[in-house]
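Worksheet: the structure to be examined is printed underneath.
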Amino acid sequence: MDRDYSKLSADDAPWLAEPSARAVCKAIAAGGHDIFYVGGCVRNALLGAPVSDVDMATSATPDEVTALAQAAGLKPIPTGIDHGTITVVSAGTPYEVTTFRRDVATDGRRAVVAFSKDIADDARRRDFTMNALYATASGEVIDPLGGIPDLIARRVVFIEDAAQRIREDYLRTLRYFRFHAWYGDPSEGLNADALAAVSANLDGLETLSAERVGTEMRKLLSADDPSTALGAMAQTGVLQALITGADIRFVLMMVHGENVIGTRPDWVGRLVALGGEDVPTRLRLSRAETRKYDLVKSAAYDGMSLLETSFEHGTEIATQAYLLQSALSETPPQAEMMARITHAAEQKFPVTAADLMPEFQGPALGTRLADLKAAWIASGFALTKSQLLILPAP
């Protein structure tokens, strides 16, 4: 049976039946205002994809949202009141409720907005047609700009003029590629007019903060197969504008390798494969992310054995290093090696410092432990404690 894109049910969108969400809708509607679910939650419900955030749009002003929420016993928080957003907490769950808006002025990073009563105004200021979708509290889908056909065809299409949308917020260039990686049809490629608009506005990428760029790159590289999007980013010059020296060749091979061994995407491993200069700083990676990036990079390029890497740092780091090494050598990863990597992470070194004392002390003790551990790993973790202890010193 063909999917009905004009209506959502609680089976498609469990949040429609969520009492906390219904309470927010009821509170705003009680004041005589329109209230809709909007954007990603509607898009993903129609696609059958997971929904992370449930956002709402309304004809009520922020002050009206605040008053109505309080009157209903809900907690309004002015998290983005200058841009029309009130976070309404209902039964412990936060919902961003944003007044219909239209852009008055933009500088590529920030927008001056005016509130509106017209849902079409609100739809036109969004980025892609598949994101300008709304749903009533009962699940009726509202499509002011005709985005449903694009959603069905999995076409990521800028609303109206692509170049204008990009100049309103240059982050939309990265969102375009990220959305194609997640929701686009790779067999159709990317829209030529959109790519031309992207290429004509590369300078605007310099205005974006490292945090915003990093967030988008994390999301893009987490898609099952970002190959087509990455290829277009390289072709248009976006990738080099973001990361000097980046090259997509080995990422594409890693994606293939992931499919061969059946492992989930790891955006950090893929980022290492992209290469480039000063990547953790350019994308403002966290301390933990930078450590993982450095570990994968070192394990792949600096000669530590994959088994030692797995034993010391776990299968996740070793698997990413192995996928990258396989990509570099243009050979598919092997299930047998993956089994060895998994086995290595489960091992426990049988020798302790106490086993070597008092014969070894101080630096000599550390050296002896390291030598025995290296021999143990080289044996495939086969040497027993007694066998290790009688090994001659190098």
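Would you call T342 assigned to a helix (DSSP H, G or I) and of a type in the set (V, I, T)?
yes
Being hydroxyl-bearing (S, T, Y), closer than 24 Å to E316 by Cβ and either touching a residue at least 12 places away in the same chain (Cβ under 8 Å) or touching an Asp or Glu at 6+ places or on another chain (Cβ under 6 Å) (or both): is that true of T244 here?
Answer is no for this residue.
Could you say whether any residue in region 64-72 is under 29 Å from the mean Cα position of the chain (by Cα) and of a type outside the set (D, E, K, R)?
no
Mind telling me which of the residues A300, A321, A335, A273 ends up being closer than 20 Å to M254 by Cα, among the hydrophobic types (A, V, I, L, M, F, W, C) and surrounded by fewer than 17 Cβ atoms within 10 Å (Cβ to Cβ)?
Among A300, A321, A335, A273, only A335 is closer than 20 Å to M254 by Cα, among the hydrophobic types (A, V, I, L, M, F, W, C) and surrounded by fewer than 17 Cβ atoms within 10 Å (Cβ to Cβ).
Condition check ((1) over 16 Å from L323 (Cβ atoms); (2) at pLDDT 95 or above; (3) of a type in the set (G, A, S)) across all residues:
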{"position": "A246", "(1), (2), (3)": "yes, yes, yes"}
{"position": "V255", "(1), (2), (3)": "no, yes, no"}
{"position": "G269", "(1), (2), (3)": "no, yes, yes"}
{"position": "G275", "(1), (2), (3)": "no, yes, yes"}
{"position": "L285", "(1), (2), (3)": "yes, yes, no"}
{"position": "K297", "(1), (2), (3)": "no, yes, no"}
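Taking only region 278-312 into account, find how many residues are of a type outside the set (G, A, S) and either within 21 Å of S222 (Cα to Cα) or touching a strand residue (DSSP E or B) at 6+ places or on another chain (Cβ under 9 Å) (or both).
Qualifying residue count, region 278-312: 18.
Tally the residues that are among the small types (G, A, S) and assigned to a helix (DSSP H, G or I), restricting the search to region 284-317.
5
If V141 satisfies all but one of (1) in a loop (DSSP other than H, G, I, E, B); (2) at pLDDT 95 or above, what's the number of the condition it fails?
Here V141 clears every test but (1).
From the residues in region 43-63 that are of a type in the set (A, V, I, L, M) and under 19 Å from the mean Cα position of the chain (by Cα), which one is nearest to T99 (Cα to Cα)?
Once the filter is applied, the top-ranked residue is V54.
What are the residues in region 162-211 that are buried (at least 19 other Cβ atoms within 10 Å of the Cβ), assigned to a helix (DSSP H, G or I), within 21 Å of the chain's Cα centre (by Cα) and of a type in the set (G, A, S), if any?
A181, the sole residue that qualifies.
Could you give me the residue pairs with C-beta distances under 7 Å whose first residue belongs to region 215-239 and is closer than 22 Å to D193 by Cβ and in contact (Cβ under 8 Å) with a residue 12 or more places away in the chain, whose second residue is part of a helix (DSSP H, G or I) and of a type in the set (G, A, S) wherever it lies, and which are 6+ apart or on separate chains?
Correct list of pairs: L220/A181; L220/A229; P226/A181; A229/A181; T236/S199; G237/S199.
Tell me which residues, restricted to region 12-39, are under 25 Å from R125 (Cα atoms) and acidic (D, E).
D34
For residues that are in contact with a Leu (Cβ under 9 Å, 6 or more places away or on another chain) and modelled with pLDDT of 90 or more, scanning just region 96-126, find the one that is surrounded by the fewest Cβ atoms within 10 Å (Cβ to Cβ).
Applying the filter and picking the extreme gives A120.
Do you know which residues across region 336-394 are among the acidic types (D, E) and over 29 Å from I261 (Cα atoms)?
D355, E359, D371
For D371, indicate whether it is of a type in the set (D, E) and within 20 Å of L307 (Cα to Cα).
When the stated conditions are applied, D371 passes them.
Give region 1-54 a look and list any residue that's more than 15 Å from L133 (Cα to Cα), in a loop (DSSP other than H, G, I, E, B), polar (S, T, N, Q) and in contact (Cβ under 8 Å) with a residue 60 or more places away in the chain, or say none.
S9
The values are calculated or read from the model by the stated rules, or taken from the named source; none is laboratory data. Please read all numbers here as calculations on a predicted model, not as lab measurements. A quick note on method: Cβ atoms are made from the backbone with ideal geometry, for glycine too, and the neighbour counts reach across all protein chains shown.
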